[in-house]
Amino acid sequence: MEFQQVVDRRRMVRNYDPDRPVPPDVLDRLMTNALHAPSAGFSQGWGFLVLTEIADRDRFWSVTAGERAADPWREGMRRAPAVIVCFSHKDAYLDRYAEPDKGVTDRDDSWWTAPYWDIDTGMAALLVLLTAVDEGLGACFFGVPIGTIDAVREAFGVPAGFHPIGVVTVGYPAQDRKSPSLKRGRRAADQVVHHGRWGASR
Ligand SMILES: Cc1cc2nc3c(=O)[nH]c(=O)nc-3n(C[C@H](O)[C@H](O)[C@H](O)COP(=O)(O)O)c2cc1C
């Protein structure tokens, strides 16, 4: 698929065909591409938990549901044959930037202008989303409910230093309802792109 088509077609898919698993080679390509994401200092402080077995996926959905009742969003998402939990690993950045070529030895995080560890894992997640489109799949990025993060780590043996910045469901798309958020419309370039000086257009 042409790159521009991939970008134009990408949208969050929230319902999937439960009877069509993601082929293993396609899953491998999703993750190989994720690992081509840029990362600050080439730290690569990330980790991805790929869940395809039904028992593992069910565990993920029940752990993250907390007290919530079933709802149409969750029902559609639960049909995804693959769930990829994306973790950032802040310590990898503090370690990497303490190396001689960076020289930040105090492990103080106050000088970081933005949480690069989360940014980089987000970039990797975007590559999963785009690769999914290229493969004719649908995907959706969403967050782990804050109160369930420790339970997710516990359920899957994830070390404490890994923080789940989000999850990508992947599968063959089924009919889904458009997100109500889309009614907001896409912001126009002249509202958010500034040329030469903030507020100036080209
Ligand atoms: C950081 C982030 C968090 C998101 N969280 C959710 C979520 O919890 N549930 C959901 O259905 N979609 C979630 N989305 C998807 C957005 O709602 C979606 O990207 C936006 O409405 C634009 O729609 P589109 O991606 O289909 O173009 C999230 C997207 C991002 C980037």
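Excluding same-chain neighbours fewer than eight residues apart, the lysines reachable from Lys102 by a Cα-Cα span under 23 Å are Lys90.
Once you sort the root eigenvalues of the Cα gyration tensor of the range 138-197 as a ≥ b ≥ c, which label holds: rounded (a/c under 1.5), prolate (a/b larger than b/c) or oblate (the other case)? Cα axes put the range 138-197 in the oblate bin. Taking every C-alpha pair closer than 8 Å and separated by at least 6 residues, the mean separation divided by the residue count of the range 53-202 gives a relative contact order of 31 percent. In whole Å, what is the distance between the alpha-carbon centres of the range 20-45 and the range 140-165? About 19 Å separates the Cα centre of the range 20-45 from the one of the range 140-165. Taking Met1, Met12 and ordering them by how much accessible surface each has at a 1.4 Å probe, largest first, produces Met1, Met12.
Think of a 1.4 Å ball rolled over the protein heavy atoms: the chain then has 59 Å² of accessible area per residue.
Residue order by solvent-accessible surface for Glu135, Glu154 is Glu154, Glu135, largest first, with ligands and nucleic acids left out and a 1.4 Å probe.
The order of the peptides 39-45, 20-26, 193-199 by mean Cβ neighbours within 10 Å, most packed first, is 39-45, 20-26, 193-199. Taking the chain as a Gaussian network of alpha-carbon nodes connected by springs under 10 Å, the highest mean-square fluctuation of the residues Arg186, Arg153, Arg79 belongs to Arg186. Potential lengthening of the chain between Val7 and Asp109 amounts to 33.3 nm, from the contour at 0.36 nm per residue minus the alpha-carbon distance.
For the pair Trp198 and Ala55 in one chain, pulling the backbone fully straight at 0.36 nm per residue adds 46.3 nm over the alpha carbon distance.
Radius of gyration (Cα atoms) of the range 1-160, expressed as a multiple of 2.2 N^0.38 Å: 1.14.
Among rounded, prolate and oblate, which fits the range 37-89 when a ≥ b ≥ c are the square roots of the eigenvalues of its C-alpha gyration tensor, a/c under 1.5 means rounded, and a/b larger than b/c means prolate? Since a/c reaches 1.5 and a/b is larger than b/c, the shape of the range 37-89 is classed as prolate. Stretching Asp28 away from Arg177 to a fully extended chain increases their span by 50.8 nm, per 0.36 nm per residue minus the current alpha-carbon distance. Peptides 120-129, 174-183, ordered by how many other C-beta atoms sit within 10 Å of their residues on average, highest first, read 120-129, 174-183. For the range 1-106, a crude dipole built from +1 on the beta carbon of Lys and Arg and -1 on the beta carbon of Asp and Glu, taken about the Cα centre, is about 380 debye to the nearest 20.
Report note on the peptides 49-59, 107-117: ranked by the mean count of other C-beta atoms within 10 Å, highest first, their order is 49-59, 107-117.
Per-atom-type breakdown for the chain gives carbon and sulfur 52% of the accessible area (1.4 Å probe, protein chains only).
The values are calculated or read from the model by the stated rules, or taken from the named source; none is laboratory data. Nothing here was measured: the structure is a model prediction, and the numbers come from that model. Because the Cβ atoms are built from the backbone with ideal geometry, glycine has one as well, and the counts that use them run over all protein chains shown. Please note that ligands, DNA and RNA were not included when accessible areas were found on the heavy atoms of the full protein model with its side chains. Shrake-Rupley method; radii C 1.70, N 1.55, O 1.52, S 1.80 Å.
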